[in-house]
Amino acid sequence: MCGRTSCHLPIEVLARACAYRDRQGRERLPEWKDPDKYCPSYNTSPQSNSPVLLSRLHFEKGADPSERIIAPMRWGLVPSWFKEDDPSKLQFNTTNCRSDTIMEKRSFKVPLGKGRRCVVLADGFYEWQRRQGTSHKQPYFIYFPQAKTEESGSTDVAESPEHWKKVWDNWRLLTMAGIFDCWEPPEGGDLLYSYTIITVDSCKSLNDIHPRMPAILDGEEEVSKWLDFGEVSTQEALKLIHPTENITFHAVSSVVNDSGNNTPECVTPISLLVKKEPKASRSSQKMMQWLATKSPKKEDPKTPQKTESDVPQWSNQFLQKSPLPTKRGATGLLERWLKQEEPVAKRPHNQ
């Protein structure tokens, strides 16, 4: 499944990240529809607006179907046939759509038959892995492998918005296959565009984290075929829906667990091998001080060295090569991470 994503790029940067070539081979940028409805976020949850890519032909009759539009849409598909006056009254979850039942459920089959295919845009998505034998869930940020970004200048520049525009210009957006629909309130009012993300069985590298993953369209050719509902039939388009191994990930802080947290810390890598020592309370500190002065001193037995097998076997693909940066601030951590060359993704091992 996919229940949380990140898409924090500013409007102009997001458009540049979606550059494409039309049927005449000209390089184009997609145009925005209702850009005021887009709210960049590191921590996007269902029922909020996210940007999707779709053919201009959905909005303009006779338009070139190869031309693309970016439109913010509500995450969680509201079927066009829904009769209630409030989308929140929908009694079933449409955040995701399973690929194996997509042609069985009316909510998805009808818009798919009308060619209402879209590409959901994100920096990446989050998934939680339950640690064996505990109730704790470790969050991961999952995305396309990235090319090495250019080194930036001073620290002050690195913290500026201008720097981030340059850094994220090089980011390859995650392109997920989706279906959208258009709902009109029974009593009249603004049309509501909403979408669902198609999911498939996880690829091998992600299976230990979660058994499901979004259907990812890997490359311009797949994106183009999925969007071209006029030339590419539903049956042909559905052949694009399958797991992909071209994916990478790293562990992130539990700060992402709260959807109200919207900071770079949500996507910044952490090391699962580093464990913080519990901080003693004031009363405990006083007790230890008293014992140190009142109790006879004893020789401390030598602490046996931990063997390699005693070290937790969690792997983190970034931080095995370089430790967690010491620069303060989540933005600084993320900026340091973005400069690193992308290693090959590794599978986490259950403890």
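The values are calculated or read from the model by the stated rules, or taken from the named source; none is laboratory data. All figures in this text were calculated on a predicted structure; none of them were measured in a lab. Methodologically, a virtual Cβ is constructed for each residue, glycine included, from the backbone with ideal geometry; neighbour enumeration extends over all protein chains shown. Only protein heavy atoms, including side chains, enter the accessible area calculation; ligands, DNA and RNA are left aside. Shrake-Rupley method; radii C 1.70, N 1.55, O 1.52, S 1.80 Å.
Here the gap between Arg23 and Lys89, fully extended at 0.36 nm per residue and compared with their Cα-Cα distance, gives a gain of 19.5 nm.
Backbone geometry of region 131-136 corresponds, through the Karplus equation with coefficients 6.51, -1.76 and 1.60 at θ = phi - 60°, to 3J(HN,Hα) couplings of 6, 4, x, 9, 9, 6 Hz, x marking Gly and Pro. The phi-based Karplus calculation (6.51 cos²θ - 1.76 cosθ + 1.60; θ = phi - 60°) puts the 3J(HN,Hα) values of region 72-88 at x, 9, 6, 7, x, 5, 9, x, 4, 8, 5, 9, 6, 8, 9, x, 5 Hz, whole numbers, x for Gly and Pro. Which percent of the accessible area of region 6-69 is formed by carbon and sulfur heavy atoms (probe 1.4 angstrom)? Within region 6-69, the accessible surface is 46 percent carbon and sulfur. Extension gain for Trp128-Leu192 works out to 20.0 nm (0.36 nm per residue, less the C-alpha to C-alpha distance). Cα centroids of region 190-223 and region 14-69: 18 Å apart.
Report the FRET efficiency, 1/(1 + (r/R0)^6), for Ser254 and Asp64, where r is their Cβ-Cβ distance and R0 is 56 Å, rounded to 0.05. E(calc), rounded to 0.05, equals 0.75. Applying a DSSP loop filter and a limit of 13 other Cβ atoms within 10 Å to the chymotrypsin sites (Phe, Trp or Tyr not before Pro) in region 29-93 leaves Phe59, Trp81, Phe92. Cross-link pairs exceeding 25 Å in C-alpha to C-alpha distance, out of Lys33/Lys239; Lys137/Lys204; Lys61/Lys89, comprise Lys33/Lys239; Lys61/Lys89.
Among 107-118, 134-145, 181-192, the peptide with the highest mean count of other Cβ atoms within 10 Å heads the list, and the full ranking is 107-118, 134-145, 181-192.
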